[in-house]
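The structure appears right after this line, and notes come after that.
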Amino acid sequence: MRPAIIVHGGAWDIPPDMREAHLQGCSRAVEEGYALLSQGRSALDAVEAAVRLMEDDPTFDAGRGSFLNSDGEVELDAIIMEGDELRTGAVAAVQHILHPISLARAVMDRTQHCLLVGDGALRFARSIEMDTVEVPELLTCRELERWKAIRAEKAFEQRDVFEDAVTRYKRKGTVGAVALDSKGTIAAATSTGGTPNKLAGRVGDSPLIGCGNYADSRIAGVSVTGWGESIMKVVLAKRVCDNMERGMRPYEAGAEAIAYLKARVDGLAGVIVLARDGDMAHAFNTPHMAMACIDGQGRKKASL
């Protein structure tokens, strides 16, 4: 197999002054993952590395610079999945962790569980001596000011941050990656800080298997971004994979799932899809979706 990888940096109304940062961030992440694949490393290694890089980048809503919840805290969700044996690990509503994607992989590799949440996830991280950080290391002044502004606006609705008519919230995107390695294994990863001013303890679609992420090496891998409450209701990532299993190509499979999401629950989202044969695509119904990919020929593409 010829390795390939695709990443995303969120689907929403990305304002002009943030577009270059999104393109650059996605480009760096896809290059990081592809470099590992070119060295013979696994798809799991590639998606973890790509997502870690975006978790470090305050351009995105993952890791450093994530949105604050209603209590002014940072709570993070992440998932990683390997498509050969359908192994998966995830964490949700976890605090004091810069790289929740690596904690999710540790859940997969070092426990018999699929998902750990909140304080239990943090205690597990400390038990394996994973580095923890204090809130100021995850918080940016920009997010603190944004949180204060949203708190002062009584009419704020979570769905508004994805709409093309409402750019004042300057939303940032969930991040994700899907990779195919030289052995034919597909892996997918998704990481997020969730929606701004979410209730403490809120968990979105990102860490839920089949909703925000899915990988099956016999079919395809998918990572999802968007309005989580709508995405969960239709199990969006699994729907894309099911479409692929029925014979659709990546773009058709993603576009059908997005159309169903809109028609059934008035949802807003974007998906990246990578098939077992290396074909890949993205589909979305928001004004923009930040993505980058490198195909089996080594050709790179980045777009909004």
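The values are calculated or read from the model by the stated rules, or taken from the named source; none is laboratory data. Quick caveat, the model's predicted, so the values are computed rather than measured. Virtual Cβ from ideal backbone geometry, glycine too; neighbours counted across all protein chains shown.
Here are the numbers:
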item: Candidates Asp61, Asp17, filtered to the one that is modelled with pLDDT under 95 and assigned to a helix (DSSP H, G or I); result: Asp17
item: Single condition Asp71 does not satisfy, out of (1) closer than 29 Å to Asp13 by Cβ; (2) touching a residue at least 60 places away in the same chain (Cβ under 8 Å); (3) surrounded by 20 or more Cβ atoms within 10 Å (Cβ to Cβ); result: (3)
item: Every residue from region 205-214 that is crowded, with 24+ Cβ neighbours inside 10 Å and in contact with a Lys or Arg (Cβ under 8 Å, 6 or more places away or on another chain); result: Tyr214
item: Subset of region 1-36 (residues that are touching a strand residue (DSSP E or B) at 6+ places or on another chain (Cβ under 7 Å), surrounded by fewer than 24 Cβ atoms within 10 Å (Cβ to Cβ) and either at positive phi or aliphatic (A, V, I, L, M) (or both)); result: Met1, Leu23
item: Close pairs (7 angstrom Cβ cut-off, 6 or more residues apart or separate chains): crowded, with 22+ Cβ neighbours inside 10 Å in region 274-302, assigned to a loop (DSSP other than H, G, I, E, B) and small (Gly, Ala, Ser) anywhere; result: Ala290/Gly173
item: Residue match in region 112-129 (condition: under 21 Å from Ala215 (Cα atoms), out of contact with any Cys (no Cβ under 9 Å at 6 or more places or on another chain), surrounded by fewer than 24 Cβ atoms within 10 Å (Cβ to Cβ) and not hydrophobic (A, V, I, L, M, F, W, C)); result: yes
item: For Thr132: the one exception among (1) assigned to a helix (DSSP H, G or I); (2) at pLDDT below 95; (3) in contact with a His (Cβ under 7 Å, 6 or more places away or on another chain); result: (1)
item: Members of region 215-232 found to be surrounded by fewer than 24 Cβ atoms within 10 Å (Cβ to Cβ) and under 18 Å from Ala11 (Cα atoms), listed by number; result: Glu229, Ser230, Met232
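Here is a yes/no grid of residues against (1) at pLDDT 95 or above; (2) under 16 Å from the mean Cα position of the chain (by Cα); (3) among the polar types (S, T, N, Q):
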{"residue": "Leu68", "(1), (2), (3)": "no, no, no"}
{"residue": "Glu73", "(1), (2), (3)": "no, no, no"}
{"residue": "Ala78", "(1), (2), (3)": "yes, yes, no"}
{"residue": "Asp84", "(1), (2), (3)": "yes, no, no"}
{"residue": "Ile101", "(1), (2), (3)": "yes, yes, no"}
{"residue": "Leu122", "(1), (2), (3)": "yes, no, no"}
